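Presented below is the structure to which this report refers.
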């Protein structure tokens with residue numbers, strides 16, 4: 001019983017935390033982020049199962065998180081009004097070659113970050129971008145101007 | 001030539017961020033709450049920094065050095081110090097059951113001359129402590145992960161059947 005409650009708490013806490021830290025952090029997976037992810041996983045495991053080494057304990061912990069993920073995913077699909085809360089919404093960060101400073105600032109994305117993301121999609125100049133949209137995953141999608 | 005607005009992008013909502021007035025304040029509140037919990041952690045609200053509690057009389061002084069806030073699974077030490085102001089012939093330390101409830105008692109050093117139960121409490125017979133001398137008893141614990149809540153962890157010092165001193169305390173165990 002305890003593990004199920006712990007699983008629910010950990011899931012809700014991590015979900016809120018991920019929504020709270022913002023999408024900029026979610027999009028990048030630099031070497032340090034990778035290490036952080038492993039450390040985070042270890043810390044979560046300690047709190048989740050503690051000294052329980054049983055297969056039953058592992059089943060309960062994994063099962064709880066899997067079911068909650070399914071519930072969130074279903075709620076996201078079934079109730080569109082919940083999507084902005086559960087998943088967030090895309091944000092337009094460039095229109096017609098001009099970065100939208102207010103939106104970039106909100107997501108803590110610099111012009112340099114934006115240019116780097118554009119280069120990854122073989123776009124040399126932000127001027128060539130018609131639309132850039134920061135998706136809910138934190139990735140930036142670029143749509144080039146038709147004449148460029 | 002300008003490209004049409006991408007599908008499912010609403011410029012009012014996704015560029016001007018209309019209707020998202022509360023999202024930033026909510027995010028800031030959540031960050032503040034998380035930070036507040038971390039600060040409470042630094043302030044020892046969730047353990048396990050030990051406190052020293054003392055009780056004093058003409059015959060003896062009792063000092064308990066142990067954490068009052070604990071978390072499931074942690075190892076900790078409780079130290080009981082008896083300062084004899086007069087010769088104590090038959091020192092007994094009486095601990096309320098909260099000390100042992102859902103906790104592993106790993107070590108008792110030095111081993112008491114006798115131990116048992118007195119009306120539901122745990123007693124440890126420490127023997128004689130000459131005037132001016134000190135007796136230190138170390139107990140090492142580990143908290144069971146499912147042990148959550150608050151319980152009494154009182155300590156009383158006896159000389160034979162005479163109660164000399166008592167320290168009233170509680171321990172709080174966080175999940």
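The values are calculated or read from the model by the stated rules, or taken from the named source; none is laboratory data. Values in this document were obtained by computation on a predicted structure and should not be read as measured data. With ideal geometry, Cβ positions are generated from the backbone for all residues, glycine too; neighbour counts draw on all protein chains shown.
Listing for the model above:
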item: Residue A:62, sole failed condition from (1) away from chain B (no Cβ under 14 Å); (2) modelled with pLDDT of 90 or more; (3) under 20 Å from the mean Cα position of the chain (by Cα); result: (3)
item: Residue in the range A:107-124 that is surrounded by 13 or more Cβ atoms within 10 Å (Cβ to Cβ), within 11 Å of chain B (Cβ to nearest Cβ) and not in a loop (DSSP other than H, G, I, E, B) present; result: no
item: Selected residue (criterion: surrounded by the most Cβ atoms within 10 Å (Cβ to Cβ)) from residues of the range A:81-104 that are more than 11 Å from chain B (Cβ to nearest Cβ) and over 17 Å from the mean Cα position of the chain (by Cα); result: A:99
item: Per-region count, the range B:115-149, residues closer than 21 Å to residue B:50 by Cα, touching a helix residue (DSSP H, G or I) at 6+ places or on another chain (Cβ under 9 Å) and away from chain A (no Cβ under 14 Å); result: 2
item: Hits in the range A:44-59 - residues which are within 13 Å of another protein chain (Cβ to nearest Cβ) and either under 19 Å from residue A:18 (Cβ atoms) or touching a helix residue (DSSP H, G or I) at 6+ places or on another chain (Cβ under 6 Å) (or both); result: A:45, A:47, A:48, A:49, A:57
item: Some residue of the range B:55-64 being closer than 30 Å to residue A:50 by Cβ, surrounded by 15 or more Cβ atoms within 10 Å (Cβ to Cβ) and under 16 Å from the mean Cα position of the chain (by Cα); result: yes
item: Residue B:18 vs. criteria modelled with pLDDT under 90, in contact with a helix residue (DSSP H, G or I) (Cβ under 7 Å, 6 or more places away or on another chain), assigned to a loop (DSSP other than H, G, I, E, B) and within 14 Å of chain A (Cβ to nearest Cβ); result: yes
item: Those strands (runs of 3 or more DSSP E) lying entirely in the range B:75-175 with at least 3 residues in contact (Cβ under 8 Å) with a residue 12 or more places away in the chain; result: B:75-84, B:88-95, B:103-109, B:121-129, B:134-143, B:149-152, B:155-159, B:162-167, B:170-174
